[in-house]
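One structure is given below, encoded as structure tokens.
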Amino acid sequence: VRLVESGGGLVQAGGSLRLSCRPSGIISSTFNGNDWGWYSQAPGKQRDLVASIASARSTNYADSVKGRFTISRDYAKKMVYLQMNDLRPEDTAVYYCNTLKESFGWGQGTQVTVSS
């Protein structure tokens, strides 16, 4: 399985982005049976979990993104998304997806840069 993230870019503060994660080569049972997360890694910092979605679609968010980010999953397409609204400069980071068990090798991530 190869994790492919996309959708990042450069936006002004207050803007929005929608990130997509495609676990290439994954079979449905593996996708459906895992809880998935979006992780962010700012320069010089560790990779942190910012949002997660369980197989039953329940969600959790880091306090810093609650009310602004929404994670979702599409079982038919085997995709995971992160809708990012009201972006702030402190959201600037490379964003990655993976299962909550970090089952797969990390993808290349997608860069999100928020200007003030």
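The values are calculated or read from the model by the stated rules, or taken from the named source; none is laboratory data. Values in this document were obtained by computation on a predicted structure and should not be read as measured data. In this analysis, Cβ positions are derived from the backbone assuming ideal geometry, glycine residues included, and neighbour counts consider all displayed protein chains. SASA here: full protein model, heavy atoms, side chains in, ligands and nucleic acids out. Shrake-Rupley method; radii C 1.70, N 1.55, O 1.52, S 1.80 Å.
So, of the residues in the stretch 93-110 that are under 12 Å from Tyr39 (Cα atoms) and out of contact with any Asp or Glu (no Cβ under 9 Å at 6 or more places or on another chain), which turns out to be surrounded by the most Cβ atoms within 10 Å (Cβ to Cβ)?
Taking the candidates together, the pick is Asn98.
In this structure, is Ser55 open to solvent by 40 Å² or more (accessible area, probe 1.4 Å) and modelled with pLDDT under 95?
Values: open to solvent by 40 Å² or more (accessible area, probe 1.4 Å): yes; modelled with pLDDT under 95: yes.
Yes, satisfied.
Please go through the stretch 63-78 and pick out each residue that is open to solvent by 30 Å² or more (accessible area, probe 1.4 Å) and of a type in the set (A, V, I, L, M, F, W, C).
So the first thing to find is which residues in the stretch 63-78 are open to solvent by 30 Å² or more (accessible area, probe 1.4 Å), and the list is 63-64, 66-67, 70, 72, 74-78.
Passing the criteria: only Ala76.
As an exercise: evaluate Pro43 against (1) in contact with a Gly (Cβ under 9 Å, 6 or more places away or on another chain); (2) at pLDDT below 95 and give the number of the one condition it does not meet.
Answer for Pro43: the failing condition is (1).
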